[in-house]
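These notes are about the structure you will find just below.
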Amino acid sequence: MLNLQKENKVKYSTLSTLGSALVLFSATFPFINNFIALPFPKINTIHVSAANNNLAAVLWSLAICFQATLLIIANYLKPYLISYAPALFASLYSSSFYFLPLLGYVPNENVWFFIALISIVLVILSVMYYTSLYLQMMKEREKLLIESVTGVINQ
């Protein structure tokens, strides 16, 4: 029985590690246009008429969609909570350069900008952690309630 528990723990740990790797890999997606621009700098000048934008912007938009898809798939593998930090940071970073100018604020990449982003990521991770604990506690409470009601009914 002990060996079976050890094997299951290893399998769960392996799946969590794979899920965490997928989450970390998805954190690179918002920057895919920058990675592609290194060997192919012309992607910033190639115009895609269907999107009415340059190829780099189109790649960034597609990468954001694929990032969400990969995060959903990785979530089924139960990744470690801390692995979401880079993905959250990448999402906040890239979306801030899209949405903040719409609100009249031009973000500059200084220390305060990164401190604010990291603070937001830490708050989000804390909320995720405490929500997870709360849900686990509620599941245990419901399980105990069902067991006690079943025990009273059986007596």
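Structure values in brief
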| quantity | calculated |
| --- | --- |
| FRET E, pair L18, I153, Förster distance 41 Å, beta-carbon r, rounded to 0.05 | 0.45 |
| Cα-based Rg / Dmax (Å) for the chain | 21.9, 78 |
| Label-point separation, N53 to T131 (7 Å along Cα→Cβ), nm | 2.7 nm |
| GNM flexibility winner over the chain from S13, S83, S26 (Cα, springs under 10 Å) | S13 |
| Carbon + sulfur, % of accessible area of the chain - ligands and nucleic acids excluded, 1.4 Å | 71 percent |
| Scaled radius of gyration (Cα, divided by 2.2 N^0.38 Å) that the stretch 71-129 gives | 1.27 |
| Dipole of the chain, positive end: most advanced residue of N34, A116, L71 [Cβ charges, Cα centre] | L71 |
| Crossing angle, helix 2-26 versus the chain [Cα axis fit, 0-90 degrees, rounded to tens] | 20 degrees |
| Over the chain: helical MRE at 222 nm, DSSP H runs n ≥ 4 each giving -39500 (n - 2.57), nearest 500 | -25500 deg cm²/dmol |
| Where labels lie 7 Å past Cα in the beta-carbon direction, separation of S61 and L144 in nm | 5.3 nm |
| Over the stretch 6-155, relative contact order from alpha-carbon pairs under 8 Å, at least 6 apart, % | 26 percent |
| Qualifying chymotrypsin sites (Phe, Trp or Tyr not before Pro) for the stretch 53-155 [loop in DSSP, other Cβ within 10 Å: at most 10] | Y76, Y105 |
| Probe 1.4 Å, accessible area per residue of the chain, Å² | 74 Å² |
| Gaussian network model of the chain, springs between alpha carbon atoms under 10 Å - residue of V121, V58, V111 with greatest fluctuation | V111 |
| F99-Y80 pseudo-label distance in nm [points 7 Å out on the Cα-to-Cβ vector] | 2.9 nm |
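The values are calculated or read from the model by the stated rules, or taken from the named source; none is laboratory data. Remember, it's a predicted structure, so these values are computed and weren't measured experimentally. Neighbour counts run over all protein chains shown; Cβ positions are idealised from the backbone, glycine included. For accessibility, only protein heavy atoms count, side chains too; no ligands or nucleic acids. Shrake-Rupley method; radii C 1.70, N 1.55, O 1.52, S 1.80 Å.
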